[in-house]
């Protein structure tokens, strides 16, 4: 079965569900799933609708017909075809837990994607990529040569036609230029429950502050450090007995599951970005 997903947002008003679903019904499409949300504060309407794409309907015809309809209603939308697997690149530095989790889920078919390469600024994790028979590219970050290093990484990503970049504890701050090449297509895992403890050493700072729970946040990378739209978060309770080393150990488990859930939501086209917020459909 050929499946197509539309992510739609627009100014909220009565009758949108009927109008949009009615368009697809009158065009002969079988609606497989529909989720919607009305934000009463911003007066915005959001929809994820999955359709069975009939064999006689081409992508061009579908998109041309819907474009005319969307223009009349003032809809903003994206279209995704489930028959084609996105290419995902994973970037990591020296810690392996997030990388392992992503590769394992992809290998077992739990993440609908291809992973053609792993990129790192250190050689340490090549053995992990080798276990999954995935090419590993080490692009060291030399002092004063950030632009050259990023240019090499961008070339690798573009030559492999990467659709999504996942920063699996890649401990480098990406430049604005790098992020501009992949807008809302870079997912980062931050080892804290944002917006608390942005930046470096969050576990040490959390321990110093005496927090009673720690967390992790997966978000889209933007030019503002750790300020991108949040996709997924989770927490674990801790106590005064836990040292910073304990927080790091507990945090690793939170980080890996939060990042994998966020990547899955993105790959399944369940995320709509609205300003600094996201709508993540179940």
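The values are calculated or read from the model by the stated rules, or taken from the named source; none is laboratory data. This is a predicted model, so every value here is computed, not measured. Ideal geometry is used to build each Cβ from the backbone, glycine not excepted, and the neighbour counts take in all protein chains shown.
Tabulated values for the structure
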read-out	value
Within the stretch 207-229, tally of residues that are assigned to a loop (DSSP other than H, G, I, E, B) and either at pLDDT 95 or above or touching a helix residue (DSSP H, G or I) at 6+ places or on another chain (Cβ under 8 Å) (or both)	8
Selection within the stretch 140-175 - surrounded by 18 or more Cβ atoms within 10 Å (Cβ to Cβ) and closer than 11 Å to residue 120 by Cα	153, 167, 168, 169, 170
Residue under evaluation residue 134, criteria (1) under 30 Å from residue 27 (Cα atoms); (2) assigned to a loop (DSSP other than H, G, I, E, B); (3) touching a helix residue (DSSP H, G or I) at 6+ places or on another chain (Cβ under 9 Å), criterion not met	(1)
Subset of the stretch 42-81 (residues that are in a loop (DSSP other than H, G, I, E, B) and closer than 22 Å to residue 279 by Cβ)	42, 43, 74, 75
Identity of the residue in the stretch 3-41, out of contact with any strand residue (DSSP E or B) (no Cβ under 7 Å at 6 or more places or on another chain) and assigned to a loop (DSSP other than H, G, I, E, B), that ends up nearest to residue 69 (Cα to Cα)	27
Positions within the stretch 176-206 being surrounded by fewer than 23 Cβ atoms within 10 Å (Cβ to Cβ), touching a helix residue (DSSP H, G or I) at 6+ places or on another chain (Cβ under 6 Å) and closer than 27 Å to residue 126 by Cα, in sequence order	178, 181, 203
Residue among 25, 77 that alone is more than 19 Å from residue 280 (Cβ to Cβ) and outside the structural domain of residue 191 (by TED's automatic domain parsing)	25
Residue in the stretch 78-91 that is exposed (fewer than 13 other Cβ atoms within 10 Å of the Cβ) and touching a residue at least 60 places away in the same chain (Cβ under 8 Å) present	yes
Those residues of the stretch 230-282 which are assigned to a loop (DSSP other than H, G, I, E, B) and either farther than 21 Å from residue 105 by Cβ or modelled with pLDDT of 95 or more (or both), in sequence order	238, 239, 240, 241, 242, 243, 268, 269, 270, 275, 276, 281
Selection from the stretch 156-180 of residues that are without any contact (Cβ under 8 Å) to a residue 60 or more places away in the chain, touching a strand residue (DSSP E or B) at 6+ places or on another chain (Cβ under 9 Å) and either farther than 18 Å from residue 139 by Cα or not in a loop (DSSP other than H, G, I, E, B) (or both)	178, 179
Residue that is nearest to residue 172 (Cα to Cα) [pool: residues in the stretch 97-131 that are touching a helix residue (DSSP H, G or I) at 6+ places or on another chain (Cβ under 7 Å) and assigned to a loop (DSSP other than H, G, I, E, B)]	125
Residue in the stretch 49-56 that is closer than 30 Å to residue 133 by Cα and out of contact with any strand residue (DSSP E or B) (no Cβ under 8 Å at 6 or more places or on another chain) present	no
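This table checks each residue for (1) crowded, with 16+ Cβ neighbours inside 10 Å; (2) at pLDDT 95 or above; (3) on the phi < 0 side of the Ramachandran plot; (4) not assigned by TED's automatic domain parsing to the domain that holds residue 271.
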{"site": "47", "(1), (2), (3), (4)": "yes, yes, yes, yes"}
{"site": "65", "(1), (2), (3), (4)": "no, no, yes, yes"}
{"site": "101", "(1), (2), (3), (4)": "yes, yes, yes, no"}
{"site": "112", "(1), (2), (3), (4)": "no, no, yes, no"}
{"site": "123", "(1), (2), (3), (4)": "no, yes, yes, no"}
